[in-house]
Amino acid sequence: ETGVTQSPTHLIKTRGQQVTLRCSSQSGHNTVSWYQQALGQGPQFIFQYYREEENGRGNFPPRFSGLQFPNYSSELNVNALELDDSALYLCASSYPLSTDTQYFGPGTRLTVL
Amino acid sequence: DAKTTQPPSMDCAEGRAANLPCNHSTISGNEYVYWYRQIHSQGPQYIIHGLKNNETNEMASLIITEDRKSSTLILPHATLRDTAVYYCIVRVGGNKLVFGAGTILRVKS
């Protein structure tokens with residue numbers, strides 16, 4: 001069974017640029033959630049995708065957008081990067097049963113200069 | 001989702017049991033208690049979850065009080081590799097995870 005994978009591991013961008021982060025869900029999981037973790041804080045929910053549709057969103061502006069593909073992999077896109085977007089971006093996959101457990105990938109460290 | 005309260009930090013001697021408390025006095029009847037941990041700069045790792053009954057797996061045990069207002073995560077024989085931030089989360093299945101500050105567990109030799 002393959003776990004959740006994310007790419008790239010690290011990324012450096014400059015303010016105003018756009019970035020795409022990728023996530024492959026764990027085998028058998030059709031739901032992907034994205035979280036942002038700033039330094040020294042707990043992860044914060046960005047949004048969730050289920051069967052290629054957004055299924056819940058946290059308090060993040062529209063420049064944070066996502067996609068889920070038929071194979072359940074997912075992308076997180078961030079436009080017009082700001083310095084405060086520097087963070088660890090985490091992807092978690094799950095299968096929506098009554099107690100669906102979310103399993104996290106290793107994360108992508110984004111630095112915005 | 002109900003809020004949780006955890007001590008900011010705890011120390012534990014290597015080889016001893018680590019008992020991490022969590023208060024969730026406003027938990028609803030359909031909310032589960034989940035525990036995750038995060039080792040520095042890695043993704044959170046799922047540990048265990050439960051609804052009413054005590055649970056045990058290869059990593060830990062979860063003890064939930066009868067009124068469900070608090071719980072304790074037990075690592076039976078802590079090792080240095082168990083040093084991490086431990087998060088207690090209550091949620092209804094399918095919902096987002098709401099992370100608090102967690103408890104920093106330091107296992108010392």
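Couple of notes before you dig in:
- Answer residue from the stretch B:75-109, given it is β-branched (V, I, T) and in a strand (DSSP E or B) and is farthest from B:P21 (Cα to Cα) among those: B:V107
- Residue satisfying all of: in the stretch A:18-40; surrounded by fewer than 18 Cβ atoms within 10 Å (Cβ to Cβ), over 16 Å from B:K96 (Cα atoms) and not hydroxyl-bearing (S, T, Y); modelled with the lowest pLDDT among these: A:G28
- Residues that are among the charged types (D, E, K, R) and closer than 17 Å to B:H24 by Cβ within the stretch B:34-74 comprise B:K52, B:E55, B:E66, B:D67, B:R68, B:K69, listed in sequence order.
- Filtered by the rule that a residue be of a type in the set (S, T, Y) and over 14 Å from A:C91 (Cα atoms), the stretch A:1-26 gives A:T2, A:T14.
- Strands (runs of 3 or more DSSP E) enclosed by the stretch A:1-41 - at least 3 residues per element that are farther than 20 Å from A:V112 by Cα: A:31-37
- Subset of the stretch B:1-41 that is within 14 Å of chain A (Cβ to nearest Cβ) and in contact with a Pro (Cβ under 6 Å, 6 or more places away or on another chain) - its residue that is surrounded by the fewest Cβ atoms within 10 Å (Cβ to Cβ): B:Q38
- Qualifying residue in the stretch B:67-74 (condition: away from chain A (no Cβ under 14 Å), of a type outside the set (K, R) and assigned to a loop (DSSP other than H, G, I, E, B)): yes
- Taking the criterion of being away from chain B (no Cβ under 14 Å) and more than 13 Å from the chain's Cα centre (by Cα), the residues of the stretch A:54-71 that qualify are A:P61, A:P62, A:R63, A:F69, A:P70, A:N71.
- Where a residue in the stretch B:83-97 is facing chain A (nearest Cβ under 7 Å) and its partner, wherever it lies, is of a type in the set (A, V, I, L, M) and surrounded by fewer than 17 Cβ atoms within 10 Å (Cβ to Cβ), with Cβ under 8 Å and at least six apart: B:G93/A:L97
- Tally, over the stretch B:44-68, of residues that are surrounded by 13 or more Cβ atoms within 10 Å (Cβ to Cβ), farther than 17 Å from A:D100 by Cβ and among the charged types (D, E, K, R): 1
- Residue, surrounded by the fewest Cβ atoms within 10 Å (Cβ to Cβ), within the stretch A:67-95, restricted to residues that are out of contact with any Lys or Arg (no Cβ under 9 Å at 6 or more places or on another chain) and not hydrophobic (A, V, I, L, M, F, W, C): A:P70
- Residue in the stretch B:91-106 that is at pLDDT below 95 and more than 27 Å from A:G107 (Cβ to Cβ) present: no
- Among the residues making up the stretch A:23-49, those that are facing chain B (nearest Cβ under 9 Å) and over 10 Å from the mean Cα position of the chain (by Cα) are A:T31, A:Q37, A:Q41, A:G42, A:P43, A:Q44.
- Total residues in the stretch A:48-82 satisfying the condition of being out of contact with any Cys (no Cβ under 7 Å at 6 or more places or on another chain) and assigned to a loop (DSSP other than H, G, I, E, B): the figure is 16.
The values are calculated or read from the model by the stated rules, or taken from the named source; none is laboratory data. Since the model is a prediction, treat every value here as computed from it, not as a measurement. Positions of Cβ are backbone-derived with ideal geometry, glycine not excepted, and every protein chain shown enters the neighbour counts.
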